[in-house]
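The values are calculated or read from the model by the stated rules, or taken from the named source; none is laboratory data. Note that the coordinates shown come from a computational prediction; the quantities given were computed from them, not determined experimentally. Note that each Cβ is placed from the backbone with ideal geometry, even for glycine, and that neighbours are counted across all protein chains shown. What goes into the accessible areas is simple: the full protein's heavy atoms, side chains included, and nothing from ligands, DNA or RNA. Shrake-Rupley method; radii C 1.70, N 1.55, O 1.52, S 1.80 Å.
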Amino acid sequence: MLEACCTVFLFLFCYQDASAEVHREGHYVAAVYEHRPRLSPNPATLTDRRSALELMSRNLYIYEEQVIAAAKQGAQIIVFPEDGIHGFNFTRESIYPYLEFVPCPQSVKWNPCREPHLFSDTEVLQRLSCMALRSKMFLVANIGAKQPCEYKDPLCPPDGRYQFNTDVVFNANGTLVARYRKQNLYFEYAFNTPPEVDHVLFDTPFAGKFGMFTCFDMLFYEPAVSLVKEYNVKQVVYPTAWMNQLPLLSAVEFQRAFATAFNINVLAANIHHPALGMTGSGIYTPLKSFIYHDMESHDGKLIVAEISVMTPEHESHLESNAKPGKSIEYPHNNFASLHIDDQVCNKKEQEAHCWVAEKDKEGAPLIFYREMMYDNFTLVPVRGTKGELQVCANTLCCYLSYQRPTISDELYALGVFDGLHTVHGTYYVQVCALVKCGGLSYSTCGQEVTDATALIDFQLGGNFSTSYIFPLLLMSGINVDFTDHLGWKNNYYFMSKSGPSSGLVTAALYGRWYERD
């Protein structure tokens, strides 16, 4: 427990009264803010607490403005991004002046705005608490936290303290009600992994319990998936500082997929820093998306939306997310019984080998290999106005049935990867992906593409070994879309889409085989 105490200066400010709008029963108003942070020009340089507070105050002023704007629109909860207050690219030593003491809310009931002298080094927490109190809304923000540890603790760092990437939640009275310490750090050398995984929930009067995790956590079982599955969480707040990586891991693309895969609401706030490829925030329900993605603007963005409270009753009516084993009838053929003329297989773990491939005009086989997302994909080109394709790697076979009214001057390919991803993180993935290539040459397949004109109806499926599959559907201009059908049929997982309104950039099934990480 943190017991240090000193007198601190508390800056109070006034808000206009929050909107008196009466919210519809079974709904709540959520807000997320994509923030363009004011950053230290030299984050690795040592500084003092006063200078650190001055920089963080510049960001907190913007937070205050956005809380006021959200309150005027009736928001009951607002989410701010990871690293939004202090920034990033610190060393362990240089971030220290930016860190705050964050006591465990389960051990101490504390309202920083009303009790500013209870703990020292809590000026940022006080400002955040007062924002929540004045606006009468729940507030979620990300800060750096410090916690002393004893040398007899075998995990205690040599300098005698833990430093955590920490999310904090204040209720509408300004009381600190939740603290989450990020589990899966993304090259964040200034921070420690917590000794134990945090599974953090907080309760609200308008939508029940929320779960919380941060950025890179979304790609791992702990704590993101276990929180949703084991604690039956239906609402998630998600501060992130996500660098977009096309074609499979743009921020809005994967945020949308996570909400779809688990039939939950996700409130995702990202940093806005286009020079680093960082943009993409949204409010996602299983049936709606309110997103922001802008690589040209230099401004932040407030998103406010009224959404339904997710309950088991909602879930039972959502056909778009069948549970594993549940059969879905598709309007076309069952891929499991298709005869594929241009079949290509590469099953290292099985005795059977099949290597039958159509030839192009020059007699070259359709199969080719390209690096995509730093992984070596096996691909086949998608040709003509319609067709059926299959391509395999290791134990995963991907199937595609497609139809398009006209052939555009664009090259598409069907790709498969089944293996351990080892760049910028280590985790096992199984992927079936229909992607637009960067040009008309096979060498451009796997490149980052943002725009497309081809209107393609398709069914995409695979014999996945994992039940954790995230459906990615990204359209021209980095817009997300919904599948028509999604789920298991026999041992195959499928997604389908007909009558798209814009060009297809990526359609993929992104499987995470957590046990093989």
(message) Using C-alpha positions alone, give me the convex hull volume of segment 165-250 per residue in cubic angstrom.
(response) 114
(request) Using only alpha carbon pairs under 8 Å that are at least six residues apart, calculate the relative contact order of segment 65-126 and give it in whole percent. (result) 26
(message) So with the 1.4 Å probe, I'd like the accessible area per residue for segment 166-226, rounded to whole Å².
(response) 32
(request) Place a label point 7 angstrom from the Cα of M295 along the Cα-to-Cβ direction, then list the residues of segment 203-246 whose backbone nitrogen is under 16 Å away. (result) 242-246
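Quick check for you: with a 1.4 Å probe and neighbouring chains kept, what is the accessible area per residue of segment 71-129, in Å²? Can you show the working numbers first?
On the way: 1880 Å² over 59 residues.
For segment 71-129, the solvent-accessible area averages 32 Å² per residue.
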(message) Quick check: residue separation of Y61 and T453 times 0.36 nm, minus the Cα distance between them. What number comes out in nm?
(response) 136.9 nm
(message) On a full-extension model of 0.36 nm per residue, what is the gain between V423 and E222, subtracting their alpha-carbon distance, rounded to one decimal in nm?
(response) 70.4 nm
(message) On C-alpha positions alone, give me the angle between the axis of helix 123-135 and the longest principal axis of the chain, in degrees, nearest 10.
(response) 80
(request) Please state the charge dipole magnitude for the chain, taken about the Cα centre, from unit charges on C-beta atoms (+1 on K and R, -1 on D and E), reported in debye and rounded to the nearest 20. (result) 480
(request) For segment 26-31, just list the computed ³J(HN,Hα) in residue order, Karplus coefficients 6.51, -1.76 and 1.60, θ = phi - 60°, integers in Hz, with x standing in for Gly and Pro. (result) x, 10, 8, 9, 10, 9
(request) Run the quick spin-label model on R516 and C149: label points 7 Å from Cα toward the beta carbon, then report their separation in nm to one decimal. (result) 3.3
(request) Quantify, in whole percent, the carbon and sulfur part of the accessible surface of the chain (1.4 Å probe; protein heavy atoms only). (result) 50
(message) Loop only by DSSP, 11 or fewer other Cβ within 10 Å of the Cβ. Give me the GluC sites (Glu not before Pro) in segment 147-230 that pass, ordered by residue number.
(response) E150, E196
(message) Suppose a student asked you for the relative contact order of the chain, using Cα pairs under 8 Å spaced at least 6 residues apart; what percent would you report?
(response) 12
(message) List residues of segment 258-275, by number, whose backbone nitrogen lies under 17 Å from a label position 7 Å along Cα→C-beta of K288.
(response) 259-260, 263-268
(request) Run the quick spin-label model on T193 and L440: label points 7 Å from Cα toward the beta carbon, then report their separation in nm to one decimal. (result) 4.9
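If each residue of separation counts as 0.36 nm, what is the full-extension length gain between A44 and R161 once their alpha-carbon separation is subtracted?
Computed gain between A44 and R161 is 40.2 nm.
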(request) Please turn the phi angles of segment 485-495 into ³J(HN,Hα) values with the Karplus equation 6.51 cos²θ - 1.76 cosθ + 1.60 (θ = phi - 60°), one per residue in order, whole Hz, x for glycine and proline. (result) 9, 7, x, 8, 9, 6, 9, 10, 10, 10, 9
(request) Please find the FRET efficiency linking E371 to S498, where r is the Cβ-Cβ separation and R0 is fixed at 41 Å, and quote it to the nearest 0.05. (result) 0.85
